[in-house]
Amino acid sequence: MSQVGTTEVIDGVGILTIDYPPVNALSVHTRRALDEGFRQFAADDDVKAIVLICAGRTFIAGADISEFGKDMGGPSLQDVFEIIENGGKPVVAAIHGTALGGGYELALICHYRIAVPSAKVGLPEVALGLLPGAGGTQRLPRIVGIPAALDLITGGAPTGAQKALALGMIDALAEEGNLREGAIAFAADLIQKGGPLTRVRDRQDKVEPYRGKPEIYSEYLAKHARAFRGFKAPFNIVKAIEAAAELPFEQGIVRERELFQELVTSTESAAQRYYFFAERQGAKVPDFAKDVQPLAIAKVGVIGAGTMGTGIAMACLDAGLSVTMVERDEAALDRGAATIADTYKKQVERGRLKPDVAEQRLGKLDTALFLDAVKETDLIIEAVFEDMDIKEGLFAELDLIAKPEAIIASNSSFLDLNEIAAATSRPSGVVGLHFFSPANVMRLLEIVRGSATSDTTLATALSFAKKIAKVPVVSGVGPGFIANRVMAPRSQQALQLALQGPEPEQIDQAMFNFGFAMGPFAMADLVGLDVIGRGSNERTLQSDLIKIGRLGQKKGGGFYDYDASRTATPSPVASQVIADFAAAKGVSTKIELTADEIVERLLYPVVNECAKILDEGIAARASDIDVACILGYGWPVYTGGPMFWADTVGLGKVVEGLEAMGIEPAKLLKEKAANGESFTRG
Ligand code: 3HC
């Protein structure tokens with residue numbers, strides 16, 4: 001027997017334990033161990049029932065994602081499933097941690113499922129641009145019915161054990177910490193009772209009522225059109241679930257396979273699988289001393305009670321940390337505290353938060369008017385006005401107040417962290433924590449590593465990010481860090497292009513079709529032209545609009561006109577302002593572009609900037625930039641981010657496109673294109 005699987009027999013119950021860290025993924029090794037274990041039990045007359053259980057932190061978390069697209073080898077999942085389902089002995093899946101994807105599909109092959117209350121089960125393949133390809137789309141509807149299966153599989157979120165029990169996704173709960181004993185007792189009971197084996201595939205009762213009702217699926221797709229836009233997987237999932245209702249099991253499985261095959265070979269799924277690993281890569285800093293231990297963070301000080309300060313405070317409170325929020329102005333402090341209380345109140349009203357949890361969180365918030373209040377905190381995050389003199393003064397003060405081992409962080413989105421750190425006597429304990437607004441919602445956290453930031457400080461920042469459920473991306477010090485810097489050319493190009501003929505709505509539409517939630521002009525109107533243009537005295541298109549009171553949505557007009565419900569329509573007034581500005585700047589060439597050409601004009605320069613920051617070492621890897629753009633700017637995940645997308649387009653084509661626009665391609669981009677290399681594919 002391979003080391004991944006171990007077997008033992010207790011009173012007629014064969015126990016197969018799978019141990020393949022970290023998450024017992026269904027790799028070739030795991031499949032082999034399952035195959036061997038079940039064959040052994042099938043041949044052993046002493047074994048009357050079987051328990052499948054896993055060692056470590058979790059039950060099987062799914063197929064091994066790193067194996068997709070490679071020659072998988074060994075027994076296939078189908079081979080393994082066949083001997084479990086038709087081996088003639090009842091099999092009980094004993095679940096702790098998470099039974100996900102192929103792991104839960106394996107559990108559905110077993111005749112029974114028992115789980116501890118903390119366990120979660122589900123089919124999250126949609127997040128990888130896939131569908132459950134090992135029978136999940138055919139078996140789950142047979143247990144939970146068509147409507148619930150549609151939600152569970154297109155949504156992909158794991159279901160907690162209690163709810164899973166209510167839905168029928170599991171059959172019984174075991175006592176927490178006593179799964180093995182519970183599962184053995186369950187199996188012993190089965191032996192005692194005897195009787196025929198039930199297979200999920202044979203069940204009809206839950207799908208029968210939905211047979212011959214194609215409108216269920218068209219209505220479902222119409223209802224979720226916005227969420228599914230641009231993705232391929234949800235559409236194939238819906239087709240596969242329809243097959244579960246309409247076709248006999250064997251044919252349904254064939255249909256599932258075809259639809260899975262279509263997805264697994266698609267660029268969208270390749271991008272989403274790449275993104276799965278990219279997100280986890282960000283916390284691994286390449287040039288990091290091994291075994292650096294992060295410092296413990298229990299109490300956080302937040303300086304500033306504006307939009308960023310309150311958002312950061314909530315992100316910390318949500319994670320169970322104690323927060324002291326400091327603001328010099330009493331009215332502003334009260335407003336900040338009220339915003340926090342109000343946000344939790346709304347979450348309770350919408351049923352997203354339990355009242356006692358909201359209470360607990362608010363109980364961990366202290367407010368103060370003096371910096372002294374943060375002297376006991378482990379981490380202090382500054383979120384005050386973006387002005388170097390103010391920040392330097394504040395850091396010098398905090399340096400005197402904070403505990404010697406406390407870390408002081410700046411949330412600045414563009415100021416030089418090294419200069420800020422130099423205002424303290426502890427530059428090694430200073431780091432940038434660049435949150436994106438709203439800070440309690442957005443998952444991206446850019447961690448800015450100053451030239452003096454110590455490995456311990458960086459390790460602490462990374463573990464803090466995990467604690468508050470953010471995805472960290474480490475950035476070097478440079479203007480705009482990663483996301484803001486690489487995405488800036490998109491807006492600059494849009495503004496330039498608007499002077500040459502294409503209307504804002506045409507440019508925005510091209511970006512929307514590419515997969516962004518909105519284009520740069522709609523975004524500018526939403527944020528406010530005055531906010532975007534803050535600090536600049538230059539004459540710009542925005543400043544011309546501001547001059548006539550067109551500040552954006554809040555004033556009923558910006559690049560678009562807005563009605564009372566803030567619905568946008570193209571604006572003749574803005575068009576005239578654009579034409580006048582173009583004339584003043586001497587731009588007379590008028591061009592017409594297709595949507596694809598607009599995408600190239602706006603996004604090739606983004607790729608160029610990405611290549612520059614990679615070359616400068618501001619970002620350590622291409623995937624970090626992709627994560628920052630996807631999470632920070634809503635770059636569509638099914639294109640993989642700007643670097644993965646550029647590889648899909650072809651770097652040679654990007655270089656040519658940039659040259660045609662009169663933009664010098666970055667050195668690294670040119671080199672890679674010339675050598676036939678890519679940014680993201682090894
Ligand atoms: N395949 C390969 N590696 C995996 C994996 C998988 N299915 N799931 C997790 N890992 C790896 C991660 O990359 C990470 O590796 P690292 O330590 O080298 O970075 C390690 O396992 C731990 O993962 P996390 O950092 O994510 O650990 P958490 O404890 O935060 O989360 C988890 C655990 C909930 C299991 C989470 O990893 C997860 O959601 N995994 C993916 C589950 C999934 O999508 N399963 C479906 C796969 S597709 C499939 O089954 C197709 C089938 O229908 C045929």
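The values are calculated or read from the model by the stated rules, or taken from the named source; none is laboratory data. Because the structure is a prediction, the values reported are computed rather than measured. Neighbour counts run over all protein chains shown; Cβ positions are idealised from the backbone, glycine included. SASA here: full protein model, heavy atoms, side chains in, ligands and nucleic acids out. Shrake-Rupley method; radii C 1.70, N 1.55, O 1.52, S 1.80 Å.
For region 495-553 versus region 184-262, the spacing of their alpha-carbon centroids is 46 Å. With a Förster radius of 35 Å applied to the C-beta separation of T307 and Q261, the computed FRET efficiency comes to 0.15. Here's how it looks for G528: its modeled amide H is under 5 Å from those of Q553, which are all 5 or more places away or on a different chain.
In the chain, what percent of the accessible surface is made up of carbon and sulfur (1.4 Å probe, ligands and nucleic acids excluded)? Using a 1.4 Å probe with all protein chains present, the chain comes out at 53 percent carbon and sulfur. The protection proxy used here, the mean number of other Cβ atoms lying within 10 Å of each residue, ranks peptides 378-391, 313-326 as follows, highest first: 313-326, 378-391. For the residue pairs K590/K670; K290/K667; K290/K466; K89/K193; K354/K467, alpha carbon separations beyond 23 Å are given by K590/K670; K290/K667. Under 5 Å between amide hydrogens, built in the peptide plane, is the criterion, and for L445 it picks out V471, V473 among residues at least 5 positions away or on other chains. Over the residues of the chain, the helix contribution to mean residue ellipticity at 222 nm works out to -14500 deg cm²/dmol, using -39500 (n - 2.57) for each DSSP H run of at least 4. In the context of the full set of protein chains, region 321-429 has a per residue accessible area of 52 Å² (1.4 Å probe). Dimensions of the chain along the principal axes, based on C-alpha atoms and rounded to the nearest Å, stand at 88, 61, 54, largest first. Over region 542-620, the hull volume per residue, using the convex hull of the C-alpha atoms, is 177 Å³.
Of all lysines in the structure, the ones whose alpha carbon falls short of 19 Å from that of K585, not counting any fewer than 8 places away in one chain, are K547. Using θ = phi - 60° in the Karplus curve 6.51 cos²θ - 1.76 cosθ + 1.60, the 3J(HN,Hα) couplings for region 251-258 round to 6, x, 5, 5, 4, 4, 4, 4 Hz; x is entered for Gly and Pro. When the Cα positions of C54, A187, F385 are compared along the charge dipole of the chain, A187 comes out farthest toward the positive end, with charges on each C-beta of Lys, Arg, Asp and Glu. Residues whose amide H falls under 5 Å from that of L433, counting only those 5 or more places apart or on a different chain, are S410, N411, S412, V448, with hydrogens built in the peptide plane. Using DSSP to call loops (not H, G, I, E or B), can you name the chymotrypsin sites (Phe, Trp or Tyr not before Pro) in region 609-682 whose Cβ has at most 15 other Cβ atoms within 10 angstrom? Answer by residue number: there is no such site.
Any idea how far the Cα center of region 69-130 sits from the one of region 590-607, in Å? Each part reduced to its Cα centre gives a spacing of 46 Å. Taking every protein chain into account, the accessible area of region 67-111 amounts to 31 square angstrom per residue (probe 1.4 Å). Counting only residues at least eight positions apart within a chain, or on another chain, the lysines with an alpha carbon under 27 Å from that of K239 are K70, K120, K163, K206, K213, K223.
For region 473-577, the solvent-accessible area works out to 44 Å² per residue, with a probe of 1.4 Å and every protein chain left in place.
The magnitude of the dipole of region 297-423, with charges of +1 and -1 set on the Cβ of Lys/Arg and Asp/Glu and taken from the Cα centre, is near 800 debye.
With contacts taken as Cα pairs under 8 Å at a separation of at least 6 residues, region 57-102 carries a relative contact order of 82 percent.
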